[in-house]
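S.K.: Take this structure first; my questions come after.
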Amino acid sequence: MAARAREAGAVLRRVTGASVEENVPLAGLTSWRTGGEARYLITVNTPGSLIDSVRALHDTGVPLLVLGNGSNVLVADSGFSGAVMRLKNQMATVEVDGHAIAVGAGALLGAAVSKALRSSLSGLEFAVGIPGTVGGAVMTNAGTFAGSIAASLVSVEAVDRSGGILTVEEFEDVYRTALLADGLIVAAARFDLHPEDSASVRSRMDEVRSRREGSQPQGTATAGSVFKNPPGEAAGRLLDQCGLKGASVGGAAVSDVHANFIINNGTATSADIKALIDLMAREVDDAFGVRLEPEVRLIGFKES
Ligand code: EPU
């Protein structure tokens, strides 16, 4: 692996439109602020450099992890021994095209939401407050009580692991399930919206924002909901009924505001957070016989 990684590093450094750093701590790139180092961190700035970098990694067999805003991931303290990729600049543009918004996968979903409001376009109100990138939102079918990404998504430009380009136009709107096949990398997405006066768009956005602010911890290091809601139930309600609010392992604690959120009090390791996740799942299984499934993506852990 070390020789392959060195070879990949040498090739990646020659890719135009991308920059490569070595042994970069991922804690600064995740909302939980924990996790070890990435062997390589590649910042891809153009479509061409995305394809070239993906090919280089494919050819050398070095694992690739595309990271969005890091707001739904737990990276192990041992880090990631392959290459972590982030999409920036030309890969993070937000453009209005008639009644559609075309976005690069590296753009924050919030930037698309703001653009829609400024352009008097309706269809993304549900997404107010979702912290991730467009690519991350597509790969998790991110959503709120008001809707999910699949509803307004019309097409995705994607790259496969050997650097092939494809367009996907059909999506199965399954709760918190990736809208693209495993292994595909989102390069850009297009949302079909419809014109509406901006006061109405704004008022729906305000409603989504106030529901979220009233029920979720604000201004702390979290990764949003830890577990998916089981069919017909709310993970937060089950966890709350187990008396888990405030439960802690090391520097990680279950939020007092919402029992499906874990807060890093400032000193948590990823091992603390993982142990707390396991404890929460065990308690709910013991009490209700319900197997909660993590919504957060676990990276670098043995089971993942
Ligand atoms: N509840 C409790 N105790 C708690 C938390 C919640 O009893 O500690 C109850 C609430 O009273 C409510 C039910 O559980 O009856 C559902 O709670 P809430 O309305 O807060 O919504 P949620 O299902 O926990 C989902 C998404 C959130 C999204 C909100 C608002 C999931 C796993 N989570 O939360 O998404 O922001 O709806 O639309 O689907 C995320 O995915 O990271 C995320 C934050």
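S.K.: Within segment 123-134, can one find any residue that is over 18 Å from K88 (Cα atoms), in contact (Cβ under 8 Å) with a residue 12 or more places away in the chain and away from the ligand (no atom under 16 Å from the Cβ)?
M.R.: Yes, because at least one residue in segment 123-134 is over 18 Å from K88 (Cα atoms), in contact (Cβ under 8 Å) with a residue 12 or more places away in the chain and away from the ligand (no atom under 16 Å from the Cβ).
S.K.: A further question follows. Can you pull out the residues in segment 263-273 that are at negative phi and more than 16 Å from the ligand (Cβ to nearest atom)?
M.R.: Matches in segment 263-273: N265, T267, A268, T269, S270, A271, D272.
S.K.: While we're here: Considering each of V103, V75, V128, V134 in turn, give the residue that is crowded, with 21+ Cβ neighbours inside 10 Å and assigned by TED's automatic domain parsing to the domain that holds L26.
M.R.: The match here is V75.
S.K.: Looking at segment 227-235, can you tell me whether even one residue there is touching a residue at least 24 places away in the same chain (Cβ under 8 Å), within 12 Å of the ligand (Cβ to nearest atom) and surrounded by 21 or more Cβ atoms within 10 Å (Cβ to Cβ)?
M.R.: Yes: one or more hits.
S.K.: Have a look at L292, L276 and point out the one that is touching a residue at least 12 places away in the same chain (Cβ under 8 Å), buried (at least 18 other Cβ atoms within 10 Å of the Cβ) and within 12 Å of the ligand (Cβ to nearest atom). Even if it seems obvious, please write down each step before you answer.
M.R.: Details: L276 fails: within 12 Å of the ligand (Cβ to nearest atom).
From the options L292, L276, the qualifying one is L292.
S.K.: Go through segment 236-262 and give me each residue that's near the ligand (Cβ under 9 Å from one of its atoms), in a loop (DSSP other than H, G, I, E, B) and in contact (Cβ under 8 Å) with a residue 40 or more places away in the chain. Before the answer, list the steps.
M.R.: To start, the set of residues in segment 236-262 that are near the ligand (Cβ under 9 Å from one of its atoms) comprises 236-241, 244-245, 254-261.
Filter again for in a loop (DSSP other than H, G, I, E, B), leaving 244-245, 255-261.
The answer is V257, H258, F261.
S.K.: While we're on this one: Inside segment 184-215, can you point out the residues that are part of a loop (DSSP other than H, G, I, E, B), touching a residue at least 40 places away in the same chain (Cβ under 8 Å) and surrounded by 14 or more Cβ atoms within 10 Å (Cβ to Cβ)?
M.R.: Passing the criteria: L193, E196.
S.K.: Among the listed residues S31, S49, which satisfies the condition of being surrounded by 18 or more Cβ atoms within 10 Å (Cβ to Cβ) and over 18 Å from the mean Cα position of the chain (by Cα)?
M.R.: Sole residue among the options that is surrounded by 18 or more Cβ atoms within 10 Å (Cβ to Cβ) and over 18 Å from the mean Cα position of the chain (by Cα): S49.
S.K.: While we're looking at this one, here's another question. Residue check, A287 against (1) small (G, A, S); (2) more than 23 Å from the chain's Cα centre (by Cα); (3) outside any helix (DSSP H, G or I), all met but one. Which one?
M.R.: The one condition A287 does not meet is (3).
The values are calculated or read from the model by the stated rules, or taken from the named source; none is laboratory data. All of these numbers come straight from a predicted model, not from anything done at the bench. Neighbour counts run over all protein chains shown; Cβ positions are idealised from the backbone, glycine included.
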